[in-house]
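Report on the structure given below.
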Amino acid sequence: MTGKTLSFRNACAEDAAFILSLRTDTEKSRYLSAVSADIADQKAWLARYAQADDQAYFIIEYQGEPIGTVRLYNPLGDSFCWGSWILKDTRPGHAAMESALMVYAYGIDHLGFKGAHLDVRKGNERVWRFHERFGARRVAETAEDYLYRLDGEAIQVSRHRYRRFLDGNVQVEFL
Ligand SMILES: CC(C)(COP(=O)(O)OP(=O)(O)OC[C@H]1O[C@@H](n2cnc3c(N)ncnc32)[C@H](O)[C@@H]1OP(=O)(O)O)[C@@H](O)C(=O)NCCC(=O)NCCS
């Protein structure tokens, strides 16, 4: 799938080392659920993922190099959830906005969802502020997380407002 400067490709077993390098980076993974540091476990997870049809796990690439990950999962009615969103420190400055816009373009235009939901650790303030600026509404909280919802209109307003990062839809060629 191609955006403006980024592309997403399906994660596969060969990405285990790259994914582990992000998920075992203590700073990056501070607010993510812990994963095993064993590469065989990561490969097994990716092999199971290859059989799943209820989620999409992408490697985010820039200029042909992997720079991060993102995942769409846990659909609830007409809303999809996304997360496992990590970008390397060497990402270009626009990567966060463009990759978020690509997730919404894919989830809404391509998969046909109407809205989205997210949960973010309360301590991950930079990230929940990102989502709030994007139009996410805090609808609930647990001891650890804030739960957010974006309705279709809020997503479309932000896609239009931020069209300089991604104008229109994504080109999808991997399905
Ligand atoms: C989550 C993550 C991918 C976000 O990427 P990021 O690059 O840190 O995102 P930022 O909030 O810094 O935003 C990037 C840029 O977009 C800009 N931006 C963000 N929201 C914006 C908005 N609404 N309008 C305009 N610009 C915006 C920021 O100002 C920033 O610009 P700068 O580089 O000039 O400072 C990254 O922080 C990460 O890997 N975190 C660790 C893993 C994690 O906790 N993931 C979330 C849990 S799912």
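The values are calculated or read from the model by the stated rules, or taken from the named source; none is laboratory data. Not measured: the values here are computed from a predicted model. Note: ideal-geometry Cβ built from the backbone for every residue, glycine included; neighbour counts use all protein chains shown. Only protein heavy atoms, including side chains, enter the accessible area calculation; ligands, DNA and RNA are left aside. Shrake-Rupley method; radii C 1.70, N 1.55, O 1.52, S 1.80 Å.
Using heavy atoms of the protein chains and a probe of 1.4 Å, the accessible area assigned to residue 48 is about 150 Å².
Applying the criteria of a DSSP loop state and at most 15 other Cβ atoms within 10 Å to the trypsin sites (Lys or Arg not before Pro) of the range 78-129 yields 114, 122.
So what's the net charge close to residue 88: Lys and Arg +1, Asp and Glu -1, counting the other residues with Cβ under 13 Å from its Cβ?
On the way: positive: 23, 28, 91; negative: 25, 27, 61, 65, 89.
Residues near residue 88 contribute -2 overall.
The residues neighbouring residue 136, those whose beta-carbon lies less than 12 Å from its own, together hold a net charge of +2 under the Lys/Arg +1, Asp/Glu -1 convention.
Hey, what number do you get for the chain at 222 nm if only DSSP H runs of n ≥ 4 count, each worth -39500 (n - 2.57), divided across all residues, to the nearest 500?
-8500 deg cm²/dmol
Which net charge results when you count Lys and Arg as +1 and Asp and Glu as -1 among the other residues whose beta-carbon is under 14 Å from that of residue 154? Could you put the intermediate results ahead of the total?
Working: positive: 114, 133, 137, 138, 149, 159, 161; negative: 132, 151, 153.
Net local charge, residue 154 excluded: +4.
Could you tell me which trypsin sites (Lys or Arg not before Pro) in the range 1-46 are loop residues by DSSP with no more than 13 other beta carbons within 10 angstrom of their beta carbon? Don't skip to the end; give the middle numbers.
Working: sites: 4, 9, 23, 28, 30, 43; in loops: 4, 28, 30.
Counting only loop positions with at most 13 other Cβ atoms within 10 Å, the trypsin sites (Lys or Arg not before Pro) in the range 1-46 are 30.
Can you classify the chain as rounded, prolate or oblate using the Cα gyration tensor, where a ≥ b ≥ c are the square roots of its eigenvalues, rounded means a/c under 1.5, and otherwise it's prolate if a/b beats b/c and oblate if not? Because its axes are fairly even, with a/c under 1.5, the chain counts as rounded.
Identify the chymotrypsin sites (Phe, Trp or Tyr not before Pro) of the range 121-175 meeting these criteria: DSSP loop state and at most 14 other C-beta atoms within 10 Å of the C-beta.
Details: sites: 128, 130, 134, 146, 148, 162, 165, 174; in loops: 134, 162, 165, 174.
Filter output for the range 121-175: 174.
At 20 Å minimum axial length over the Cα atoms and a Kyte-Doolittle cut of 1.6, report the qualifying DSSP H helices in the chain, or say none. Write out the running numbers ahead of the final one.
Working: long enough: none.
Going by DSSP H runs, there are no hits.
Accessible area per residue (1.4 Å probe, heavy atoms of protein chains only) ranks 102, 97 as 97, 102, with the largest value leading.
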